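Student: What follows is a structure written as structure tokens; I'll ask about it next.
Every number in this text was worked out from the coordinates using simple rules, so none of it is lab data. A quick note: this is a predicted structure, and the numbers were derived from the prediction, not measured. Neighbour counts run over all protein chains shown; Cβ positions are idealised from the backbone, glycine included.
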Amino acid sequence: MSPVVEIRDVAFAYGRRAALSGISLAIQPGERVAVLGPNGSGKSTLIKILSRTLEPAAGEVRVLGRPLPSFARCELSRKVAVVPQETQASFPYTAAEIVLMGRASYLPAFGLDGARDREIARDSMRLTGTLELADRYLHELSSGEKQRVILARALAQEAEILLLDEPTSFLDIRHQIEIHELLVRLNRQKGLTIVAALHDFNLASLYFPRLVLLESGRISSQGAPAEVLTAERIRAVYGARVRVLGELGERPQVLPLPKGPEQAD
Amino acid sequence: MRTLSRSKLVGINGALLLCLLVTAVAATLTGPAPLSLKESWSALATEHPYHQVLLRVRLPRVLLAIIVGAGLATSGLVLQALLRNPLACAHILGVSGGASLGGIAGLMFFPALFATRLKLGAAEISPVPLAAFAGALLSMVLIQRFALVHGRLHPYHLLLSGVIFNTFVSALIMFLNSVLDFYQAQSLLFWLMGSLSTTSYFSVALTWLYVLLGFVWKYRHGVSLNLLSLGEESALQLGVEVNRVRRHLFIACSLVVGAIVAVSGMIGFVGLMVPHVLRLLLGNDHRLLLPASFLAGGIFLGWADTLARVVLAPVELPVGVVTAFFGAPFFFFLLYHEGRKRVLYEPGR
């Protein structure tokens, strides 16, 4: 099977500061990939390159076999949907209006949302448990509710690839679990390919079969959670002391080791 | 789910259109010498003494006021969404100032060229709107260039560079005012104060043409304006060709503002206030707001100019005095009333 996303030797810099260099990655259809790495290691930049929010300085990105720049924006947004780290509307919009914005690339010029667009918006709000928020203003929602509304918007795009930039960082544990289980369900039922930048090793390990660990803009290692999440590697990349529970098991969990006096062992 | 439906779009704009028609008729009939409906009907017959007043003076002026209000309001609306900033309008950003400067510079430095008129049958096309359009476009390009951060347009940088540019342009105009002789300086005042007095149906018709053209161009991007309110990156990800759309909208706004400033000078407040009143009343879907601000802008300036003509007759108030005098308290009322219930604007990022 040909990869749904293919990145070859991609580099990017903000001004003179290199953010990514020599990144190559192939993602198969229906995969779930979590991108991990310290702050500033290039996770968000990678997500933005994949969605053509930023243009790479070097290298090539292919989506569904085509070079990324060959897509018109509206065409691309029907293939690739993004849940950004943060969304702020400078004018107040209701949750329903925000979700319907996911249908924008399907509308004809001068067009209004049709019955089908509304139905799809309602379905994706139902899936993310945001239907009862429909008439509330986005900026009056809690960050967890907001993030689920944005996820509903991404689902309304009916894309084949879903990119998420730290989608659950602001969520409480129940909503973290709900969102990740929803992502797994969408992945299994609809064959949605999912790439998520995450901070949380444990969620990544629990819900993603493949992890990519970034270190200062390069891929430090990748593979199954048990291969990537080892105490040594985390110390090397993050400079943090951790203990990994079930290190060789399928879903290792990472525990921080504080330097305080209670550090018995 | 309360979102924009066809019936809401048609209903609200239909009602506004009706108000606009009523405004047009009522404003034409209102003046220092008021006419009853019956009298004005007879005034349409040529022998009536008011015939000239009605058809040569009042009607073109009302038509001009309507289209100027419509153009200023839609341009303000679009600039607010593009800049993600509720303070944006052609006036504050110096685009109107740039347009004035373009017109004044043309008249000063190429007096011979600008005295010529392109004859088109009985009608004459003046080069002034073109010079004003060029001035507006140049201002737009300049303030945009100053506001790029890592290739992205930063809304606060843009507002700041606009405000500073406006101050600079105003200073230039004042400077020109000081070096000009008395008669030229008098005509310069027209640009600065703004006035809707006109005698030529042809220039009114041309202004309608320019503004309508700009309006259709803007309306095409109604959905994109909604998406741009979420920021440049979200708009890109949702399928908006941000750079192209922004270029189109800046050109459309320059065209409209240039055409308006050329015939009526700088009339403030309409572009800032009318869109906000509508946002407070109707929400923020630009597919609804664009036609609504076109119509409401026309209604507002139609009435404002009528008041300016009538209140101290035979002395005429500058129309900007009336727009601010009635607009500001109404806006404060709405802001206070609605602001108690919800946050109205979020600082853009």
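Student: Rounded to the nearest 0.05, what FRET efficiency do residue A:60 and residue B:312 have when you use their Cβ-Cβ distance and R0 = 45 Å?
Tutor: Values: r = 70 Å, r/R0 = 1.56.
Result of the calculation: an efficiency of 0.05.
Student: Same structure again: Placing +1 on the Cβ of each Lys and Arg and -1 on the Cβ of each Asp and Glu in the protein assembly as shown, which of A:7, A:154, B:262 has its Cα farthest towards the positive end of the resulting dipole?
Tutor: Toward the positive end, the furthest listed residue is B:262.
Student: Over what distance in Å are the Cα centres of segment B:142-176 and segment A:83-107 separated?
Tutor: Taking the Cα centre of each part, segment B:142-176 and segment A:83-107 sit 29 Å apart.
Student: So if I place +1 on the C-beta of Lys and Arg and -1 on the C-beta of Asp and Glu, and nothing else carries charge, what would the dipole magnitude of chain A be about its Cα centre? I want it in debye, nearest 20. Intermediate values should be presented prior to the final figure.
Tutor: Values: 33 positive and 31 negative charges, 98 e Å.
Using only the charged Cβ atoms, the result is roughly 480 debye.
Student: Right, something else. Have a look at B:193, B:273, B:140 and tell me which one the Gaussian network model of chain B (Cα, springs below 10 Å) gives the largest fluctuation.
Tutor: Result for chain B, Cα springs under 10 Å: B:193 fluctuates most.
Student: So how do B:139, B:229 line up by other beta-carbon neighbours within 10 Å, fewest first? Can you show the working numbers first?
Tutor: Working: B:139 27, B:229 24.
Listing B:139, B:229 from fewest to most nearby Cβ atoms yields B:229, B:139.
Student: Which FRET efficiency value, to the nearest 0.05, do you get for residue A:115 and residue B:21 by plugging their Cβ-Cβ distance into 1/(1 + (r/R0)^6) with R0 = 51 Å?
Tutor: On the way: r = 33 Å, r/R0 = 0.64.
Taking R0 as 51 Å, the efficiency between residue A:115 and residue B:21 is 0.95.
Student: With a sphere of radius 13 Å drawn around the Cβ of residue B:254, what net charge do the other residues whose Cβ falls strictly inside it have (Lys, Arg +1; Asp, Glu -1)? Mind showing how you got there, number by number?
Tutor: Working: positive: B:218, B:246, B:247; negative: none.
After counting each charged neighbour, the total is +3.
Student: Report the gain in length on full extension from residue B:163 to residue B:179: 0.36 nm times residue separation, minus Cα-Cα distance, nm rounded to one decimal. Each step should come with its number before you reach the end.
Tutor: Working: separation 16, 0.36 × 16 = 5.76 nm, distance 2.48 nm.
The residue B:163-residue B:179 span can extend by a further 3.3 nm.
Student: What ranking of B:181, A:117, B:285 emerges when the number of other C-beta atoms within 10 Å of each C-beta is taken as an exposure proxy, fewest first?
Tutor: Values: B:181 7, A:117 20, B:285 25.
With the sparsest Cβ surroundings first, the list reads B:181, A:117, B:285.
Student: Sticking with this one: How long are the three semi-axes of the equivalent ellipsoid of chain B, in whole Å, if each is the root of 5 times an eigenvalue of the C-alpha gyration tensor, listed from largest down?
Tutor: Details: eigenvalues 210, 141, 66 Å².
Ellipsoid semi-axes (Å, largest first): 32, 27, 18.
Student: Top mean-square fluctuation among B:335, B:54, B:29, Gaussian network model of chain B, C-alpha springs under 10 Å?
Tutor: Greatest mean-square fluctuation among the candidates belongs to B:335.
Student: May I ask for the Kirkwood hydrodynamic radius of segment B:217-349, worked out over all distinct Cα pairs and given in angstroms to one decimal?
Tutor: Details: mean 1/r = 0.0598 Å⁻¹.
Computed over segment B:217-349, the radius equals 16.7 Å.
Student: I'd like the mean, over residues of A:96-103, of how many other protein chain beta carbons sit within 10 Å of each residue's own Cβ.
Tutor: On the way: counts 3, 8, 3, 2, 6, 9, 4, 3.
Mean shielding by partner chains, rounded to a whole number: 5.
Student: So, one more: For segment B:48-76 and segment B:311-341, what is the separation of their C-alpha centers, rounded to whole Å?
Tutor: 20
Student: What's the average, rounded to a whole number, of partner chain beta-carbon atoms within 10 Å of each residue's beta-carbon in A:133-141? Walk me through the numbers before you get to the answer.
Tutor: Details: counts 0, 3, 3, 1, 6, 2, 4, 2, 0.
Average per residue, whole number: 2.
Student: Could you line up B:3, A:230 from fewest to most neighbouring Cβ atoms inside 10 Å?
Tutor: Working: B:3 20, A:230 17.
Ascending number of Cβ neighbours within 10 Å: A:230, B:3.
Student: Quick one: length gained pulling residue A:39 to residue A:181 fully straight, 0.36 nm per residue minus the C-alpha distance? Can you show the working numbers first?
Tutor: Numbers: separation 142, 0.36 × 142 = 51.12 nm, distance 2.53 nm.
So the chain would gain 48.6 nm between residue A:39 and residue A:181.
Student: Take the alpha carbon atoms of segment B:253-296, find their center, do the same for segment A:120-163, and report the distance between the two centers in whole angstrom.
Tutor: After rounding, the separation between the Cα centres reads 32 Å.
Student: Would you tell me the mean number of C-beta atoms belonging to other protein chains that fall within 10 Å of each C-beta in B:282-288, as a whole number? Walk me through the intermediate numbers first.
Tutor: Working: counts 0, 6, 8, 7, 1, 5, 1.
That average works out to 4.
Student: Within the protein assembly as shown, what percent of beta bridges assigned by DSSP are antiparallel, to the nearest 5? Walk me through the numbers on the way to the answer.
Tutor: Details: 29 of 46 bridges.
Percentage antiparallel, nearest 5: 65.
Student: Which of these, A:15, A:30, A:191, has the largest mean-square fluctuation under a Gaussian network model of chain A (Cα springs below 10 Å)?
Tutor: A:15
Student: With viscosity set to 1.306 mPa s and temperature to 10 °C, compute the Stokes-Einstein D of the protein assembly as shown, Rh being the Kirkwood radius across alpha carbon pairs; µm²/s, no decimals. Mind showing how you got there, number by number?
Tutor: Working: Rh = 27.0 Å.
D, rounded to a whole number, is 59 µm²/s.
Student: How large is the dipole of the protein assembly as shown about the Cα centre if only Lys and Arg carry +1 and Asp and Glu carry -1, each at its Cβ, rounded to the nearest 20 debye? Could the numbers behind the result be given before it?
Tutor: Values: 57 positive and 43 negative charges, 107 e Å.
It works out to roughly 520 debye.
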